[in-house]
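Participant: Below you will find the structure I want to go over with you.
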Amino acid sequence: MRPFPHRLIWLALLVSLGIGALFAHAIWTIRSDKWDYARQTNDSLARTLGHGLSGSLESYDKSIDGVAREVSRPDVWALPPALRARVVFDHSPHTRGVSDILVLDARGDAVLDSASLSARKVNFADREFFLAFKSGGHKGLYIGKSTLSRLSDQNILPMARAYHHPDGSFAGVVSGVLFLRYLDELFGTLNLGSDSEVTLFRLDGTVIARFPHENANPGHPAADPVMLAHFQAQNSGSFVDAAPSNGVQHLHSFLRLGDYPLVLDVAQSTQTIAARWYRSALVLGAFTALLMAGCVGLALLFVRELRLRQQVSARLHEAEHDLRTILNNMPSMIGYWDHLLRLRFVNQAYVAWFGMQPEKLRGMHASELLGEALFGQDRPFLERALHGEPQLFERTLTDGRGQTRHTLASYLPDPEPGSGRIRGIFVQITDISERKRMENELFDEKERMRLTLQSIGDAVVCTDAKGHVSYLNPVAERLTGWSCGDASGRDVDAVVSLRSPDGARIRRLHTVIEERTDLGLMRGVVVHRKTGQRFTVEETASPITDRQGCVTGAVAVLRDVTQTVAMSERMAHLAQHDALTDLPNRVLLQDRAQLAIAQARRDGRSLAVMYLDLDGFKQVNDSLGHAVGDLLLVQVARRLKASVRASDTVCRQGGDEFAVLLPGLDGEAPACAVARKILASCEGTFDLAGQPLRIGVSGGIALYPQHGDSFDTLSRHADSAMYVAKRGGRMRFMLYQGPGAEPLSVLADAAPPAASNAGSA
């Protein structure tokens with residue numbers, strides 16, 4: 001810097017120091033005046049308040065003393081109560097803030113009351129003032145510690161004098177109280193400022209009353225030794241001391257209240273006294289600091305202003321360069337039109353779009369740049385933007401190279417601060433041709449997906465990440481009874497009631513969402529919402545995830561296999577049963593026989609295998625036709641099933657041959673009984689298309705384990721016994737007797753069929 005600015009700064013510093021010195025002297029003078037005035041004011045307040053309080057105490061003391069003199073006379077107690085009350089309490093107090101006077105006897109009981117002819121039932125024998133007089137340790141007026149009244153629940157200052165018998169012995173106490181609320185009201189009239197207080201002490205340092213209240217309990221000692229020394233050494237005076245409780249410094253002005261052992265202390269916070277001085281010092285100091293700063297500031301202003309201008313200029317150039325770089329590298333066209341619709345700013349995209357240099361574009365009217373046709377289309381949007389309404393719309397444009405582009409145009413008003421007048425419009429035009437192309441492709445893909453889902457024969461159910469239905473195709477609507485609109489947003493388990501064959505609920509889609517894994521093919525039952533119809537379905541379920549792998553939902557495909565399952569069950573039934581009679585065929589009979597033999601071997605029991613055929617069945621077919629023959633076979637099958645137990649098996653071997661398996665027998669007698677029931681059931685006529693017909697039955701029986709230990713062996717032996725029965729005259733059963741032995745007729749030694757049953761001989 002040059003020498004002149006240096007000298008200017010030094011001169012400014014000297015002037016500032018002079019102003020500061022004058023300010024310090026003025027402030028110190030004002031402080032001394034303020035402090036002297038506060039001390040005089042505090043002393044005046046203490047004297048005025050002390051004289052008034054002394055007068056009240058003296059008046060009340062005279063009343064108590066007058067009552068004490070009267071009750072010391074024996075003739076007063078001989079008077080009638082009403083006259084005695086008038087005589088004794090003729091000197092009753094009329095001073096504000098004091099209570100009624102009580103006369104206590106030597107036991108401390110109230111015997112006279114200035115408030116009524118009958119004294120209140122109360123005892124004060126434990127009070128400090130009563131004990132002091134009774135012990136003879138105090139003479140004259142006794143002023144006690146402040147305490148809580150037993151009669152009014154108020155804080156009081158007790159005052160008492162003793163009275164005596166004519167012989168000088170202790171007779172009792174005359175007691176009165178000064179209500180501390182009166183002192184609060186009296187002290188509260190003084191406006192001493194914050195952290196200031198007025199306190200009434202006893203000479204021993206005990207607090208009688210304090211305003212504002214420092215403690216809820218009166219009578220506690222509070223005067224520190226320094227303060228107590230001042231009170232006891234002089235009748236009045238002033239000093240400065242810091243409160244021991246909170247450290248606040250006060251200016252104390254105290255006064256002894258007449259001849260009473262009481263001291264009134266007016267303590268004003270030095271902070272309050274100095275508050276106005278602080279304000280004056282602050283104002284003067286601020287003004288002085290302003291002058292001092294102004295002197296120095298004026299000297300520095302020139303250099304600072306010059307440097308600031310250079311910095312601002314550099315920053316403006318830098319900000320303009322950054323802003324232009326950002327706008328020129330944005331893919332959108334960005335420009336600014338003033339309120340006359342003349343172009344004031346364009347970025348590089350504008351230049352590339354219209355194929356003009358920025359210098360030529362600036363100042364061009366919108367109608368010149370856009371052309372009359374396009375300007376006519378955009379004019380309503382421009383006018384609304386000039387009225388303060390932001391505009392956002394799509395427009396198809398042709399760029400400078402003749403290419404058609406889809407754009408998104410934004411017109412943002414630029415209001416003038418304060419007036420709200422529109423100064424211009426920020427224009428942003430974004431090329432959304434690629435987005436439009438992707439939207440169209442996405443729509444086409446979605447439409448193809450919708451048509452595909454609607455045309456497939458399986459039910460498709462989609463949910464969101466919470467398991468709520470988001471889509472049902474038409475097949476799913478027919479299968480569940482829910483429309484897609486009604487089901488949307490509902491829990492998928494409420495819409496697709498998928499259950500296992502035993503009725504347990506299956507929660508496949510919720511499992512897919514929670515475990516984030518595919519679930520393979522599973523068969524279940526779907527119950528129709530309205531009709532209750534049950535559909536057997538096969539379901540596969542998979543989660544739907546986004547690019548980040550988060551589960552956004554689930555999809556289930558259900559195929560109705562109700563008819564397929566029914567057909568499968570029917571085919572399985574036909575594979576093991578005769579198509580005409582619906583009796584088990586030889587395959588099922590052989591399976592059951594093997595199980596029965598194994599069971600009989602474990603239990604040590606027997607079983608029987610019967611073979612039988614119809615006598616003369618061929619003649620029925622030849623004479624009446626195969627349809628009548630089939631009808632005969634069906635009726636015979638019914639009679640055979642009615643003749644055996646539910647645990648027995650009746651099988652059609654083929655043609656007119658039948659086989660019967662009787663498990664769980666105890667010897668041959670039960671088997672013979674069943675044979676007789678079969679013969680008896682077939683003795684009646686058969687109704688064949690309205691034509692009655694009798695036909696015979698011949699059969700053979702083989703027993704396990706007597707006649708074989710396998711089904712094939714038992715079948716051969718039963719078959720050979722059946723042929724013996726047919727050669728022997730038919731309409732009979734023969735029991736196999738072993739190799740080389742002649743079969744035995746079941747009817748030879750049996751009871752009548754009616755007396756037997758399927759399970760006993």
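The values are calculated or read from the model by the stated rules, or taken from the named source; none is laboratory data. Quick caveat, the model's predicted, so the values are computed rather than measured. Positions of Cβ are backbone-derived with ideal geometry, glycine not excepted, and every protein chain shown enters the neighbour counts. When the accessible area is computed, the model is the full protein with side chains, heavy atoms only, and any ligands, DNA or RNA have been set aside. Shrake-Rupley method; radii C 1.70, N 1.55, O 1.52, S 1.80 Å.
Participant: What is the dipole size for the chain, taken about its Cα centre, with +1 at each Lys and Arg Cβ and -1 at each Asp and Glu Cβ, in debye to the nearest 20?
Facilitator: The calculation lands at about 780 debye.
Participant: What accessible area per residue, rounded to a whole number of Å², is obtained for the chain using a probe radius of 1.4 Å?
Facilitator: 54
Participant: Can you tell me which lysines have their Cα less than 18 Å from the Cα of K62? Leave out same-chain residues fewer than eight positions away.
Facilitator: The reachable lysines, counting only those whose Cα sits under 18 Å from K62, are K139.
Participant: Restricting to Cα pairs below 8 Å that are 6+ residues apart, what does the relative contact order work out to for the chain? Please round to a whole percent.
Facilitator: Computed over the chain, the figure is 6 percent.
Participant: Between 0 and 90 degrees, rounded to the nearest ten: what's the tilt of helix 586-603 against the longest Cα principal axis of the chain?
Facilitator: Computed tilt is about 70 degrees.
Participant: Ok, one more. In degrees from 0 to 90, rounded to the nearest 10, what is the angle of the helix 669-681 Cα long axis to the longest principal axis of the chain?
Facilitator: 70
Participant: Report in % the part of the accessible area of segment 44-91 that belongs to carbon and sulfur, leaving out ligands and nucleic acids; probe 1.4 Å.
Facilitator: Carbon and sulfur atoms account for 57 percent of the accessible area of segment 44-91.
Participant: Quick check on segment 344-443: take the gyration tensor over C-alpha atoms, sort the square-rooted eigenvalues as a ≥ b ≥ c, and tell me if it's rounded (a/c under 1.5), prolate or oblate.
Facilitator: Note, shape of segment 344-443 comes out oblate.
Participant: What does the helix-only formula give at 222 nm for the chain: each DSSP H stretch with n ≥ 4 adding -39500 (n - 2.57), the total divided by the residues, and the result rounded to the nearest 500 deg cm²/dmol?
Facilitator: -14000 deg cm²/dmol
Participant: Using only Cα positions of the chain, each an equal point scatterer, no hydration layer, compute I(q)/I(0) via Debye at q = 0.07, 0.10 Å⁻¹ and quote the log10 values to two decimals.
Facilitator: -0.86, -1.08
Participant: Could you work out how far helix 562-576 tilts from the main Cα principal axis of the chain, as a 0 to 90 degree angle to the nearest 10?
Facilitator: The angle comes out at about 40 degrees.
Participant: Could you work out the equivalent-ellipsoid semi-axes for segment 608-709, taking the square root of 5 times each eigenvalue of the Cα gyration tensor, largest first, in whole Å?
Facilitator: 27, 13, 11
Participant: Using only the heavy atoms of the protein chains and a 1.4 Å probe, how would M571, M330 rank by accessible area, largest first?
Facilitator: M571, M330
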